[in-house]
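The values are calculated or read from the model by the stated rules, or taken from the named source; none is laboratory data. All figures in this text were calculated on a predicted structure; none of them were measured in a lab. Positions of Cβ are backbone-derived with ideal geometry, glycine not excepted, and every protein chain shown enters the neighbour counts. Heads up: the accessible areas ignore ligands, DNA and RNA and are worked out on the full protein's heavy atoms, side chains in. Shrake-Rupley method; radii C 1.70, N 1.55, O 1.52, S 1.80 Å.
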Amino acid sequence: MRSLLLALFVALTVVACKTKPSTKVVDTPKPKVENVLDWSSQAVIYEVNIRQYTPEGTFKAFEKHLPRLKELGVDILWIMPIHPIGKKNRKGELGSFYASRNYKAIHPDYGTEADLHELINAAHSMGFKVILDWVANHSAFDNVWAIEHPDWYTKDSLGQITHPKGTDWTDVADFNYDNPDMRAAMIDAMEYWVRKFNIDGYRCDVAGFVPYDFWKDAIDSLNKIKPVFMLAEWEDDKIHASGFHATYGWEMHHIMNQIAQGKMKPQAIDTFIHKDMKRFPKGAYRMNFTTNHDENSWNGTIKERMGDAGDVMTVMAFTMEGMPLIYSGQEAGLDKRLSFFGKDEIDWSDLSKQVFFKKLTKLKHHNPALQNGIDLDNYRTIATTNPNIIAYERKNGDAKVVALLNLSKTPQSFELKDYPLEGKFWDVFADREVELKSGEKFELGAWGYRVFSNR
């Protein structure tokens, strides 16, 4: 959430760029993640910014986009916070989505309860899963709980409710998780949306700022209602033990930015992937992305951060281990920073990028080699004759995907070393079958890519 997270995760990013790529991950994985949902194994997640999605900024207006999103190939709709926004200490004209004034209410600008029911029912009828954004770490200063139960919040030396320590989030009040009544009320509020609106889970904001034992209790309670999908905005292997299926791939995202800016070598990706797969438990989902609401609003557009490397990094996000994310407007080539605290509409006049994303989602769904979840037997680095090239194989039984990525701003030629890529494959972006021969020489343009599938 916001700029603090960037500093936190950049500080944690330590990658040995000169490490020689290995051909296989051989470490023993940690205990397997439990309660994996079958429907999520090859799912693609899509972040919905209701305020900025349409001129109306409503559930009803967004609902009209569902057929297009179904065609795009997304599976999970993550809807950013829908609650009324606090007015006390508000930042900007409309305030932060993450400053809730009432956890059991809907922001009137977005619509009514009936409108939300209609949206969720329509999404479910089309095969989507719907998860809501949940902010358990803090609320607005004028949240109904702050008024009725001030003891549920952290106090400063003067006994006043205060914002989260070490942040500049002065528009939100920090919860006191030592208070059992507050914990019970938070779980009750989370259960409310599952019971009443039949949502399918939550994306949990700054999840690491909340005690892990709370998440364990909350997720156990939710799963008694229905199996829920849980995404943590955090990057810690230990949080999966609380019941989270997916965690943010912040470190990989920052490495992508650094490579695109010429500040890291391509080998940093391979080094990170091997470290990550050894660190996280088997079956854990890592969410891969080139942008999201925080990155777009606070750190820049894909073009600003990655230049011409945006597409190759997106291909990597879809073909590496992990669940890929598409943010609102990416399929329309979103090239502006959307206001965080005000109204700022997405321009949908050019959907030419939709074709690019459809090819990636189709591959993700069609080839089981691209299953979500850490699996040491599923990923293999392919050595090449050119250090600017990252090449890897994803494999699941007989299913195979091979990605060749030029992570440089100049054209590159190369051959694969000790990997006989031969036989008939589908060239995903050329949309045709090709027959490859062992020892074949490849050429890729600046930030170019080729992806081959045997399915």
Selected residue (only one of K263, K238, K224, K216 is touching a residue at least 24 places away in the same chain (Cβ under 8 Å), farther than 19 Å from V135 by Cβ and surrounded by fewer than 18 Cβ atoms within 10 Å (Cβ to Cβ)): K238
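Within region 164-182, is even one residue open to solvent by 30 Å² or more (accessible area, probe 1.4 Å), aromatic (F, W, Y), under 14 Å from A136 (Cα atoms) and in contact (Cβ under 8 Å) with a residue 24 or more places away in the chain?
Filtering region 164-182 for residues open to solvent by 30 Å² or more (accessible area, probe 1.4 Å) gives 165-166, 168, 170, 176, 178, 180-181.
Of the ones still in play, those that are also aromatic (F, W, Y) are none.
Scanning region 164-182 turns up no residue that is open to solvent by 30 Å² or more (accessible area, probe 1.4 Å), aromatic (F, W, Y), under 14 Å from A136 (Cα atoms) and in contact (Cβ under 8 Å) with a residue 24 or more places away in the chain.
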Contacts under 6 angstrom Cβ, first residue in region 358-377 being among the hydrophobic types (A, V, I, L, M, F, W, C), partner open to solvent by less than 20 Å² (accessible area, probe 1.4 Å) and part of a loop (DSSP other than H, G, I, E, B), 6 or more apart: L363/V428; I374/F280; I374/A284; L376/V25
Checklist (1) at pLDDT 60 or above; (2) surrounded by fewer than 18 Cβ atoms within 10 Å (Cβ to Cβ); (3) of a type in the set (S, T, N, Q) applied to T28, failing item: (1)
Complete set of residues in region 339-382 that are in contact with an Asp or Glu (Cβ under 6 Å, 6 or more places away or on another chain) and small (G, A, S): G342
Given (1) of a type outside the set (A, V, I, L, M); (2) part of a strand (DSSP E or B); (3) surrounded by fewer than 16 Cβ atoms within 10 Å (Cβ to Cβ), number of the condition D418 does not satisfy: (2)
Conditions (1) under 15 Å from Y202 (Cβ atoms); (2) touching a Lys or Arg at 6+ places or on another chain (Cβ under 7 Å); (3) surrounded by fewer than 22 Cβ atoms within 10 Å (Cβ to Cβ): number failed by M126: (1)
Long-range neighbours under 6 Å by Cβ, at least six apart or interchain, first residue over 25 Å from D236 (Cα atoms) and basic (K, R) within region 190-208, second part of a loop (DSSP other than H, G, I, E, B) and open to solvent by 10 Å² or more (accessible area, probe 1.4 Å): none
Contacts under 8 angstrom Cβ, first residue in region 299-310 being farther than 17 Å from M264 by Cβ and open to solvent by 40 Å² or more (accessible area, probe 1.4 Å), partner in a helix (DSSP H, G or I) and at pLDDT 95 or above, 6 or more apart: K303/G310
Residue among M252, M287, M277 that is under 18 Å from E34 (Cα atoms), surrounded by 21 or more Cβ atoms within 10 Å (Cβ to Cβ) and touching a Phe, Trp or Tyr at 6+ places or on another chain (Cβ under 7 Å): M287
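Conditions tested, residue by residue: (1) at pLDDT 95 or above; (2) closer than 30 Å to F62 by Cα; (3) among the acidic types (D, E).
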site	(1), (2), (3)
A136	yes, yes, no
V144	yes, yes, no
T162	yes, no, no
A173	yes, no, no
N179	yes, no, no
R203	yes, yes, no
V206	yes, yes, no
D213	yes, no, yes
Flag if T167 is touching a Leu at 6+ places or on another chain (Cβ under 8 Å), over 30 Å from P67 (Cα atoms), modelled with pLDDT of 95 or more and among the hydroxyl-bearing types (S, T, Y): yes
Test result for W193, within 22 Å of the chain's Cα centre (by Cα), open to solvent by 10 Å² or more (accessible area, probe 1.4 Å) and of a type outside the set (G, A, S): no
Residue list for region 315-356, restricted to those being open to solvent by 10 Å² or more (accessible area, probe 1.4 Å) and among the hydroxyl-bearing types (S, T, Y): S339, S349, S352
Residue selected from region 57-69 under the condition over 17 Å from S349 (Cβ atoms) and in a loop (DSSP other than H, G, I, E, B), by the criterion most open to solvent (accessible area, probe 1.4 Å): T58
Search result, residues across region 383-411 that are touching a strand residue (DSSP E or B) at 6+ places or on another chain (Cβ under 7 Å), farther than 21 Å from D311 by Cα and either among the β-branched types (V, I, T) or not in a strand (DSSP E or B) (or both): T384, T385
N396 being in contact with a helix residue (DSSP H, G or I) (Cβ under 6 Å, 6 or more places away or on another chain), of a type in the set (S, T, N, Q) and at pLDDT 95 or above: yes
Residue ranges of helices (runs of 4 or more DSSP H) in region 274-381 with at least 3 members within 16 Å of the chain's Cα centre (by Cα): 310-319, 353-366
Qualifying residue in region 361-383 (condition: among the hydrophobic types (A, V, I, L, M, F, W, C) and closer than 28 Å to K91 by Cα): no
